[in-house]
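Below is one structure, written out as structure tokens; comments come after it.
The values are calculated or read from the model by the stated rules, or taken from the named source; none is laboratory data. Here the structure is a predicted model, which means the values were calculated and not measured. Note that we place each Cβ from the backbone using ideal geometry, even for glycine, and neighbour counts take in every protein chain shown. Accessible surface is based on the protein model in full, side chains and every heavy atom, while ligands, DNA and RNA are left aside. Shrake-Rupley method; radii C 1.70, N 1.55, O 1.52, S 1.80 Å.
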Amino acid sequence: MAQLRDGFQSRLGFVLAASGAAVGLGNIWGFPTQAANHGGGAFLLVYFIVIFLLAVPALYTELYLGHQAQANPVKALKNAWQDQAPKVGAAAGYLGLAGAIVMLSFYSIVAGWMLAYALEPITTFFGFTDISVFLQTDSMARNFVFTPLMLILTASIILKGVKSGIETWSRRLMPMLLVLLVGLIAYIATLDGANEGFAAYLVPNFSHILDPNLIIAAMGQAFFSLSLGVGCMMIYGSYLQPDANLPRLTASVALLDTGVAFLAGLLIIPAIYVAQHNGVQVFSDGKLIGEGQLIFAILPELFNTMGEIGLVVGLLFFVLMSIASLTSTISSTEIPVAFLVENHQVERKSATFIVSLTVLAASSLIIFNFDWLFGLVIMVLTQYQLPLMGLFYFVTVGWLWRRGNQLHQASSGFKFWFAQYIRFVCPILMTAVFANVAFG
């Protein structure tokens, strides 16, 4: 079976695809607000330390499980637990599978919003006022137009497989994302108020640096921004060549993902201060307004104050957000598709169709019960499942997986000390993240 599996053909293709999986709305949406509200440069400093201490080992662990098994998460975890309790490993794989479906069900809705907002400047330019209002107004009808559209876009890439679909499109989309980010930063930097934003983001307020809330926020953000815990990285790791240099690839993915998060901050925070300079209210109770209000209220209001150039900037910004969404939905969709192909011998075309329909059904359920279900689904996944699965991976690689686990067999050198770090330190750090996120 291993010989028949599709896979990444180049190191660059893998790095761009895995970074694309990690670079999502959390980087461009969540990270800048967290940084601004937790001491700016102090948060950045702690975030970079935490990436190194927790997120990179977690990324390596998940990639390593998939790479060694050359299989989807259900098979990979079952193999890792074969000496103790293979059913427990398989159950964890199924839980990750369910998590991927759940993530896709709400992520596709939000990605659809990004797509709608990307089209709005075009309809405004051509004078289609009614369509522009529809695109900017939150409604069930808009959700049922754009959520399926996002699923179709994702499915069209997944259908082509790893090499021709995921790798090819990642090589196109990620450079586009980076160019858009840098271009928008350069433009925003020329506007009045931007310098204040750069100072708020980049100048460390060291009085905050030992604040437990800042440290835990940085740990949570670092873990979530690398898209860990549902098996995205495990499935991508399994598509690497058996002789791939995993430590180097892990570092490359973490570096690119962290770089994008940093650049997102360089765009969003100055943009918020430009908006404030232009008379838009951006603070609430001394904190920067975040979440949906930031993306769908403050920034569009800012673009409106810019005149005609605001249409172009708004278009480019939401195209950027749509690309970030798409690279993440691709990786999450590949998990259940690979499971159906490998474990149940379903053709990729049929598997993609089944998964897309399942996600559409789950998304529809959320859309019909949006007020109470949308927030609940996000909370359960991000606050409970992701950190618990991360902890499970650490325990699996550090303690339970013996046969074929090179880290477990190492008796000296870097591998030995890294294994001890994964075994003893990472579970404690991960437990701290979970305890704070779930109960803090």
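Of all residues in region 416-436, none satisfies being of a type outside the set (S, T, N, Q), more than 30 Å from GLN68 (Cα to Cα) and not in a helix (DSSP H, G or I).
Residues in region 17-52 that are open to solvent by less than 40 Å² (accessible area, probe 1.4 Å), of a type outside the set (Gly, Ala, Ser) and over 18 Å from VAL437 (Cβ atoms): VAL23, ILE28, PRO32, LEU44. In this structure, ARG402 does not satisfy being assigned to a helix (DSSP H, G or I) and of a type in the set (Lys, Arg). In this structure, ILE268 does satisfy being at pLDDT 90 or above and open to solvent by less than 40 Å² (accessible area, probe 1.4 Å). Restricting to region 120-137, name every residue that is in contact (Cβ under 8 Å) with a residue 40 or more places away in the chain, out of contact with any Asp or Glu (no Cβ under 9 Å at 6 or more places or on another chain) and not polar (S, T, N, Q). Residues satisfying the conditions are GLU120, PRO121, ILE122. The set of residues in region 129-187 that are aliphatic (A, V, I, L, M), open to solvent by 30 Å² or more (accessible area, probe 1.4 Å) and either more than 24 Å from ALA17 (Cα to Cα) or in a loop (DSSP other than H, G, I, E, B) (or both) comprises ILE131, VAL133, MET140, ALA141, VAL145, LEU159, ALA186.
Which residue pairs have Cβ atoms under 9 Å apart, sit 6 or more places apart or on different chains, and have a first residue in region 203-227 that is under 10 Å from VAL433 (Cα atoms) and in contact (Cβ under 8 Å) with a residue 24 or more places away in the chain and a second that is open to solvent by 60 Å² or more (accessible area, probe 1.4 Å) and not in a helix (DSSP H, G or I)? Between residues of region 203-227 that are under 10 Å from VAL433 (Cα atoms) and in contact (Cβ under 8 Å) with a residue 24 or more places away in the chain and residues that are open to solvent by 60 Å² or more (accessible area, probe 1.4 Å) and not in a helix (DSSP H, G or I), the close pairs are ILE216/GLY440. Counting only residues that are surrounded by fewer than 17 Cβ atoms within 10 Å (Cβ to Cβ) and either of a type in the set (Lys, Arg) or not in a loop (DSSP other than H, G, I, E, B) (or both), region 188-234 holds 9 of them. What pairs can you find where one residue is in region 87-113 and open to solvent by 10 Å² or more (accessible area, probe 1.4 Å), the other is among the basic types (Lys, Arg) and assigned to a helix (DSSP H, G or I), and their Cβ atoms are less than 6 Å apart, with a gap of 6+ or different chains? Short answer, once both residue conditions are applied: ALA90/LYS78. Residues considered: THR431, THR352, THR358, THR333. Of these, the only one that is among the hydroxyl-bearing types (Ser, Thr, Tyr) and within 19 Å of MET233 (Cβ to Cβ) is THR333.
For region 2-16, the condition holds for at least one residue, the condition being that it is of a type in the set (Ser, Thr, Tyr) and open to solvent by 10 Å² or more (accessible area, probe 1.4 Å). If you filter region 374-414 down to residues that are over 30 Å from PHE106 (Cβ atoms) and polar (S, T, N, Q), you find that the one that is surrounded by the most Cβ atoms within 10 Å (Cβ to Cβ) is ASN405.
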